[in-house]
Structure formats: structure tokens, C-alpha cells
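Undergrad: Can you read through this structure? Questions will come right after.
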Amino acid sequence: MTSKRHFVFNIALILLPWFSILFLGKQNVKRFSLAGLVVVLCEVITQIIGHKRKWWVFYDRSDSFIRDLLPFSAGPYLPMSL
């Protein structure tokens, strides 16, 4: 079970970088969206492989990909790669 603090941190990590898209403009978002999706896809694959090969250690034994790892990919990587 996630704590309320963990949940709020994940929501903030996802939403705050997405506010920067408001300043980019529609044309730029459409132009670079495919590259942003490729960056997120590569990051997700790296996280899955790294978790299986134990490239890094999770001290709280995270078992949920959506709760623990996906916010770090969907949050900062996609809007910042645009």
C-alpha cells in the first residue's frame, strides 16, 4: 500500500513537467511528439531490463511498475524531450 506522501509525490512528478507544454505551442508539440514517445519507450525498456538484471536496488522492494517506475518516465521525460 502506498503512503499518501508517495502518492502525492508521484502525481506532482507527472503533472508539474506537463505544465511546460502550455508554453511550447501546438505546432511544436505535434512536431516533436514522436521523438518524445521514443525517448519514453527507451526509458521504460531500460527500467524493465535494469530491474530484472538488478542494475539498481529498491530498498522498499517495489513490485508495481505503474506505481513506482512509470511516473519517472511519463512525468519528466516526455514533456522535457519535446
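The values are calculated or read from the model by the stated rules, or taken from the named source; none is laboratory data. For clarity, every value in this text was computed on a predicted model and none was experimentally measured. All Cβ positions, glycine included, derive from the backbone under ideal geometry; neighbour counts span all protein chains shown.
Undergrad: Output yes when any residue across region 55-63 is more than 12 Å from the chain's Cα centre (by Cα), part of a helix (DSSP H, G or I), at pLDDT 80 or above and surrounded by fewer than 12 Cβ atoms within 10 Å (Cβ to Cβ), and no when none is.
TA: No, there is no match, as no residue in region 55-63 is more than 12 Å from the chain's Cα centre (by Cα), part of a helix (DSSP H, G or I), at pLDDT 80 or above and surrounded by fewer than 12 Cβ atoms within 10 Å (Cβ to Cβ).
Undergrad: How about region 19-31: which of its residues are assigned to a helix (DSSP H, G or I) and either of a type in the set (G, A, S) or surrounded by 14 or more Cβ atoms within 10 Å (Cβ to Cβ) (or both)?
TA: Across region 19-31, the qualifying residues are S20, I21, V29.
Undergrad: Quick test for you: out of I48, I66, I14, pick the one residue that is crowded, with 17+ Cβ neighbours inside 10 Å, among the β-branched types (V, I, T) and modelled with pLDDT under 85. Explain how you work it out, then say what you get.
TA: Numbers: I48 fails: crowded, with 17+ Cβ neighbours inside 10 Å; I66 fails: crowded, with 17+ Cβ neighbours inside 10 Å.
Selected residue: I14, the only one of I48, I66, I14 that is crowded, with 17+ Cβ neighbours inside 10 Å, among the β-branched types (V, I, T) and modelled with pLDDT under 85.
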